[in-house]
Amino acid sequence: MVIVLMLLSPLYMYFSHDVEKLKTLYPHAKNQNVETPEYELKPGRPKNWASLKEMSSFAKWAIIFSEDWSFYQHQGIDLEQMKVALGEMADGERFRGASTITQQMVKNVFLSEDRTIWRKVHEIILAQKVEKVLTKARILEVYLNVIEFGPKIHGIKAASYHYFRKHPSAINPKEAAFLAMLLPSPKRYYISYKNKKLTSFARQRVNAILTKMRMGKVLSLDQYEALKNSKLSWER
């Protein structure tokens, strides 16, 4: 019986969610005032939704280069990174991530935060299904509108206003690099904003993201050199 269930599990995981609904529906948080909201798909854009056209290109590219450099090349998963991550989980080590943007979107919209190998497999299966039915633009837009940027701060529009009092279309390269820096562990890295000073680690990460933006030709050499030592608006 156990073997049968194991064999049927991937099939269940594949058909567990109708991801094609994301073509026309939007993920609405059931409760905004929680650390990890659950989402339900409904018509109409949520209040804090921003389309890709309403986002600064710097913000989009900073996050892509930081979180998933090969986003436009892969089909939902990065096989090499996933192999390492699954091996660490199987050995009982602390899970270190390695999720693509597509996987992170799937986890946030459809799955739980449980750090188990079964949830990870579920995420992988749905991510590949998502890539078959949604465009990269739609995947990225949904991701940027549901990802966590700090305590109870979800989506790039909420983050832009919280940290910089700006619409996401007005985010500059240094601000974009800061937002991207937060994503691996937004609650922990929120300390820089709380103390109004980048920690040594945060400064290194922000500059590393700016370097990636320069390598990706999003920034000119002059822009890059000027931004490295500039301060964010709220820094002391």
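The values are calculated or read from the model by the stated rules, or taken from the named source; none is laboratory data. A quick note: this is a predicted structure, and the numbers were derived from the prediction, not measured. Glycine gets a Cβ as well: all are built from the backbone with ideal geometry, and neighbour counts include every protein chain shown. Keep in mind that these areas ignore ligands, DNA and RNA; they rest on the heavy atoms of the full protein, side chains included. Shrake-Rupley method; radii C 1.70, N 1.55, O 1.52, S 1.80 Å.
Taking a label point 7 Å from the Cα of Q32 along the Cα→Cβ vector, which residues of the stretch 51-84 have an amide N closer than 17 Å to it? Of the residues in the stretch 51-84, 51 have backbone N under 17 Å from the label point off Q32. Once you sort the root eigenvalues of the Cα gyration tensor of the stretch 18-57 as a ≥ b ≥ c, which label holds: rounded (a/c under 1.5), prolate (a/b larger than b/c) or oblate (the other case)? Oblate shape, in that a/c is at least 1.5 and b/c is the bigger or equal ratio. Each residue of the stretch 161-171 was assigned a 3J(HN,Hα) from its phi angle through the Karplus curve 6.51 cos²θ - 1.76 cosθ + 1.60 (θ = phi - 60°); the sequence is 6, 5, 7, 10, 6, 10, 6, x, 5, 9, 5 Hz, with glycine and proline shown as x. Listed peptides 33-46, 104-117 appear in the order 104-117, 33-46 once ranked by packing, highest mean of other Cβ atoms within 10 Å at the front.
The H on the amide N of Y26, modeled in the peptide plane, is under 5 Å from the matching H of K42, G44, each at least 5 residues off or on a different chain.
So, for the chain, what is the accessible surface per residue at a probe of 1.4 Å, expressed in square angstrom? Per residue, the chain has 52 Å² of solvent-accessible surface. Here the 3J(HN,Hα) profile of the stretch 67-80, calculated from phi with Karplus coefficients 6.51, -1.76 and 1.60 at θ = phi - 60°, is 9, 6, 3, 9, 3, 7, 9, 7, 10, x, 9, 9, 4, 5 Hz, Gly and Pro shown as x. The long axis of helix 2-15 is offset from the longest Cα principal axis of the chain by roughly 50 degrees. Quotient of the Cα radius of gyration of the stretch 93-223 and 2.2 N^0.38 Å, N being its number of residues: 1.13. Rolling a 1.4 angstrom probe over the chain with all protein chains present gives an accessible area of which 54% lies on carbon and sulfur atoms.
Under the simplified labelling scheme, the E20-R45 pair shows an inter-label distance of 2.6 nm, with each label point 7 Å from Cα along Cα→Cβ.
On a 0 to 90 degree scale, rounded to 10, what angle separates helix 173-182 from the longest Cα axis of the chain? Once rounded, the angle reads 40 degrees. When the chain is treated as a Gaussian network with alpha carbon springs shorter than 10 Å, the biggest mean-square fluctuation among E80, E67, E54 belongs to E80. For T199, the residues 5 or more places off, or on other chains, whose built amide H falls under 5 Å of its own are S192.
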